[in-house]
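Below is one structure, written out as structure tokens; comments come after it.
The values are calculated or read from the model by the stated rules, or taken from the named source; none is laboratory data. What you are looking at is a predicted structure, and each value in this text was computed from that prediction instead of being measured. Every residue, glycine as well, gets a Cβ built from its backbone with ideal geometry; the counts of neighbours run over all protein chains shown.
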Ligand code: UDP
């Protein structure tokens, strides 16, 4: 079997590539390294079943050839990370909408199964305690650039559903909640690698806003395992799934936990959002998935607790590998 992973040199993509190589698949990766990195796939290169192309998914000819060659496509290539999104809105919208449309178009022509990666961001400003797949999306004003990411991903979902309903393209949408683990960079704003790096250097840990906002963090190995199970499940075709853990923590508690785990002398500093991000930023105060649908379909429970996962991130950043990717 052959699988194409767009964005396969990214944090989640590289873990997914690893999983499928272990399963004996031929893995094809296309990645322009805009947020991914060659180090993420360095250890996979010697594997004769691993093939990578450093190009954008908007290289239509290459994309078409790769989709033609593979049995299944996981589309992870996207502009991600709040910082990047606020700073490069044009690129965010173009990559996330046009890129996805190309993947769907070619997959539909060749009748290949596709998984489209969406995000918990699509729930927007909803104040619900837990978000479920049928909820209304509560997105912010178009003048606030930060919502362009959520909107672009919502359009991806509409597109994927349209291809399924109208053209019978077999597809699954996954709404990924905060995924963490080794190889995630803090460069684009992701909180866990940022806090761990700061803690290890005894530099200030910057908590944005009140720090009372909460997130549920999921280990990347749990996430890629779920993606694989969903791809194997025929009943999942045409469906949308929340993917994430329900273990919730506030950002200020996360800062303290990381400080303790790293035995750090870092000071925890509170930074107002206006200083942390470009204009137009709005945070989500809470973000917990309702995973009952996922449990119904594949019986998923995350295997790795937050503590175990944070320890993995700390160990990785302490290792030489982590140091080189600040
Ligand atoms: N955050 C923070 N300090 C940082 C980076 C992020 O306090 O250095 C906060 C951020 O404002 C948000 C939470 O941590 O409330 C999670 O941020 P991240 O960008 O990792 O993910 P997302 O906002 O997409 O959930």
Query raised in the report: What number of residues within the range 258-272 satisfy the criterion of being over 20 Å from residue 310 (Cβ atoms) and more than 10 Å from the ligand (Cβ to nearest atom)?
Result: 1
Report summary line: Cβ pairs under 7 Å, 6+ apart or interchain, first in the range 178-195 and without any contact (Cβ under 8 Å) to a residue 60 or more places away in the chain and under 19 Å from residue 255 (Cβ atoms), second assigned to a loop (DSSP other than H, G, I, E, B) and near the ligand (Cβ under 9 Å from one of its atoms), ordered by first then second residue, are 194/186
Query raised in the report: If you scan the range 116-137, which residues turn out to be free of Cβ contacts under 8 Å to residues at least 60 places away in the same chain and touching a helix residue (DSSP H, G or I) at 6+ places or on another chain (Cβ under 7 Å)?
Result: 116, 119, 122, 135, 137
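Looking at the range 185-203, which of its residues are near the ligand (Cβ under 9 Å from one of its atoms), part of a loop (DSSP other than H, G, I, E, B) and touching a helix residue (DSSP H, G or I) at 6+ places or on another chain (Cβ under 7 Å)? Before the answer, list the steps.
Start the filter on the range 185-203 by keeping residues that are near the ligand (Cβ under 9 Å from one of its atoms), which leaves 186, 188-195, 198.
Those still in the list that are part of a loop (DSSP other than H, G, I, E, B) too: 186, 188-190.
186, 188, 189 - these are the residues of the range 185-203 that are near the ligand (Cβ under 9 Å from one of its atoms), part of a loop (DSSP other than H, G, I, E, B) and touching a helix residue (DSSP H, G or I) at 6+ places or on another chain (Cβ under 7 Å).
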Query raised in the report: Can we say residue 172 is more than 10 Å from the ligand (Cβ to nearest atom) and more than 17 Å from the chain's Cα centre (by Cα)?
Result: no
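Looking only at the range 281-294, filter to residues that are more than 14 Å from the ligand (Cβ to nearest atom) and over 19 Å from the mean Cα position of the chain (by Cα); which one of those is farthest from residue 134 (Cα to Cα)? Full working, then the answer.
Start the filter on the range 281-294 by keeping residues that are more than 14 Å from the ligand (Cβ to nearest atom), which leaves 290-294.
So of that shortlist, the ones also over 19 Å from the mean Cα position of the chain (by Cα) come out as 292-293.
Numbers: 292: 12, 293: 10 Å.
Once the filter is applied, the top-ranked residue is 292.
Taking helices (runs of 4 or more DSSP H) that fall entirely within the range 1-115, which contain at least 2 residues that are in contact with a helix residue (DSSP H, G or I) (Cβ under 7 Å, 6 or more places away or on another chain) and exposed (fewer than 15 other Cβ atoms within 10 Å of the Cβ)? Steps first, answer last, please.
Working: elements: 11-22, 39-42, 60-69, 82-87, 89-94, 100-110.
Passing ranges, in order: 60-69.
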Query raised in the report: Can you name the residue in the range 149-184 that is out of contact with any helix residue (DSSP H, G or I) (no Cβ under 6 Å at 6 or more places or on another chain) and part of a loop (DSSP other than H, G, I, E, B) and is also nearest to residue 264 (Cα to Cα) among such residues?
Result: 178
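If you check residue 253 against the conditions, is it more than 10 Å from the ligand (Cβ to nearest atom), out of contact with any helix residue (DSSP H, G or I) (no Cβ under 6 Å at 6 or more places or on another chain) and touching a residue at least 60 places away in the same chain (Cβ under 8 Å)?
On the way: more than 10 Å from the ligand (Cβ to nearest atom): yes; out of contact with any helix residue (DSSP H, G or I) (no Cβ under 6 Å at 6 or more places or on another chain): yes; touching a residue at least 60 places away in the same chain (Cβ under 8 Å): no.
Against the criterion (more than 10 Å from the ligand (Cβ to nearest atom), out of contact with any helix residue (DSSP H, G or I) (no Cβ under 6 Å at 6 or more places or on another chain) and touching a residue at least 60 places away in the same chain (Cβ under 8 Å)), residue 253 does not qualify.
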Query raised in the report: Taking the range 248-279, which residues are modelled with pLDDT under 95 and assigned to a loop (DSSP other than H, G, I, E, B)?
Result: 272, 277, 278, 279
**Report entry** Filter result for residue 137 (within 15 Å of the ligand (Cβ to nearest atom) and surrounded by 15 or more Cβ atoms within 10 Å (Cβ to Cβ))
**Finding:** no
